[in-house]
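Contents: one structure, followed by commentary.
The values are calculated or read from the model by the stated rules, or taken from the named source; none is laboratory data. Note that the structure is a prediction, hence the values are computed from the model and not measured. As a convention, Cβ positions derive from the backbone with ideal geometry for all residues, glycine included, and neighbour counts pool all protein chains shown.
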Amino acid sequence: MRKSIIVFILSFPWFVMGVNAQQQPLYSQYVFNGVVINPAHISMESEYSNITLMNRQQWVGIPGAPKTTTLSVSMPINATKTSIGLLAVQDKAGVNTQTQANLLVAQRITLAENAYLAVGASAGINVLKEEDLLLGAPNDPLFNKNLTSTSGDIGFGLTFFTDRLFVGLSAPSFRKLSLKNNAYDIAGVSHYYLSSGYLFDLTPMLKFKPTLLIKKIGEGSIQGEATANFLLNNIIWVGLGWRQAESIIGITQFQLTNSIKLSYSYDYVTKKELQTVQQGSHEISLSFRFGTKGRIVSPSYF
């Protein structure tokens with residue numbers, strides 16, 4: 001029995017990395033949907049409401065690898081310069097399933113002409129569940145319990161932005177979930193993000209948007225990400241990203257109609273221990289923008 005358990009654990013890299021800390025879901029398309037890392041992001045759009053559905057399949061080919069489904073909703077209230085929203089996430093990795101549902105609110109403050117500060121907060125519920133894992137031995141006390149931890153969750157974010165620049169600082173979750181059994185302890189940790197981006201006009205038909213993301217997970221080390229994105233004729237985004245010590249990312253987005261966007265990204269994993277056992281990570285999202293009349297005059301660049 002012990003040999004079977006050892007083989008099982010070693011066959012799942014995500015399990016080994018998650019024994020001590022339950023991390024937030026990983027996203028490559030935060031460059032198109034910043035609300036997944038910063039609640040203040042919903043206040044950057046003052047004219048339209050947005051609904052985005054995202055799905056991420058990480059490390060395809062590894063049984064039990066992380067799978068994340070995300071729904072985000074944002075709606076501005078122009079009379080008060082306030083925006084409200086919803087972020088719902090289900091993240092499944094092996095025997096662990098994390099479900100989050102948070103209400104978002106953000107206030108847009110005018111600092112100068114075309115310069116704003118968005119202050120955002122989120123609050124909701126977070127449920128972490130470990131499903132029954134028998135491994136053919138129902139009487140083994142090591143892996144025969146269904147464990148569930150439920151708690152409230154809060155998050156905060158700030159974003160300074162203009163029509164060309166944004167700089168954001170956020171801690172989207174301060175959850176303290178914990179699962180314990182005789183074998184291991186999984187505890188929730190806070191995540192901190194510093195994000196920035198700038199929009200350049202290269203030609204009348206071509207724009208360039210580089211972005212930078214720095215994140216810190218609990219007491220762990222700091223990790224960096226960077227992307228270079230090009231917008232063609234205000235219709236097609238094409239970009240390349242880099243996640244420190246982890247992956248190279250190809251990303252694209254298509255403006256299908258005035259109100260609908262389709263995005264896709266692929267992560268080529270650069271970690272040597274994972275290259276031979278998986279076929280990369282796929283992420284796809286569909287966004288709906290409401291309130292549009294005719295051709296979009298001012299596309300959302302951030």
Checklist outcome for this item: Looking across the range 53-81 at residues that are of a type in the set (Val, Ile, Thr) and touching a helix residue (DSSP H, G or I) at 6+ places or on another chain (Cβ under 8 Å), the single one that is farthest from residue 288 (Cα to Cα) is 62
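Is it the case, given these coordinates, that residue 236 is under 22 Å from the mean Cα position of the chain (by Cα), touching a residue at least 12 places away in the same chain (Cβ under 8 Å) and surrounded by 14 or more Cβ atoms within 10 Å (Cβ to Cβ)? Before the answer, list the steps.
Details: under 22 Å from the mean Cα position of the chain (by Cα): yes; touching a residue at least 12 places away in the same chain (Cβ under 8 Å): yes; surrounded by 14 or more Cβ atoms within 10 Å (Cβ to Cβ): no.
Spelling it out, it is not the case that residue 236 is under 22 Å from the mean Cα position of the chain (by Cα), touching a residue at least 12 places away in the same chain (Cβ under 8 Å) and surrounded by 14 or more Cβ atoms within 10 Å (Cβ to Cβ).
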Checklist entry - When you look at residue 186, is it among the β-branched types (Val, Ile, Thr) and at pLDDT 95 or above, yes or no? => result no
Item to check | Sole residue being touching a His at 6+ places or on another chain (Cβ under 8 Å) and either in a strand (DSSP E or B) or more than 20 Å from residue 35 (Cβ to Cβ) (or both), chosen from 120, 61 | outcome: 120
Checklist entry - From the residues in the range 205-217 that are more than 16 Å from residue 34 (Cα to Cα) and surrounded by 14 or more Cβ atoms within 10 Å (Cβ to Cβ), which one is modelled with the lowest pLDDT? => result 217
Item to check | Residues that are modelled with pLDDT of 95 or more and part of a loop (DSSP other than H, G, I, E, B), drawn from the range 264-302 | outcome: none
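Within the range 64-78, take every residue that is touching a residue at least 40 places away in the same chain (Cβ under 8 Å) and in a strand (DSSP E or B) and give me the one that is nearest to residue 96 (Cα to Cα).
Taking the range 64-78 and keeping what is touching a residue at least 40 places away in the same chain (Cβ under 8 Å), we get 64-66, 68, 70.
Next cut, in a strand (DSSP E or B) only: 68, 70.
Numbers: 68: 12, 70: 17 Å.
My answer is 68.
Quick one: which residue in 216, 261 is more than 16 Å from residue 29 (Cβ to Cβ) and in a strand (DSSP E or B)? Talk me through it step by step, then tell me what you get.
Working: 261 fails: more than 16 Å from residue 29 (Cβ to Cβ).
Only one candidate qualifies: 216.
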Checklist outcome for this item: residue 290 fails exactly one of (1) surrounded by 15 or more Cβ atoms within 10 Å (Cβ to Cβ); (2) more than 16 Å from the chain's Cα centre (by Cα), namely (1)
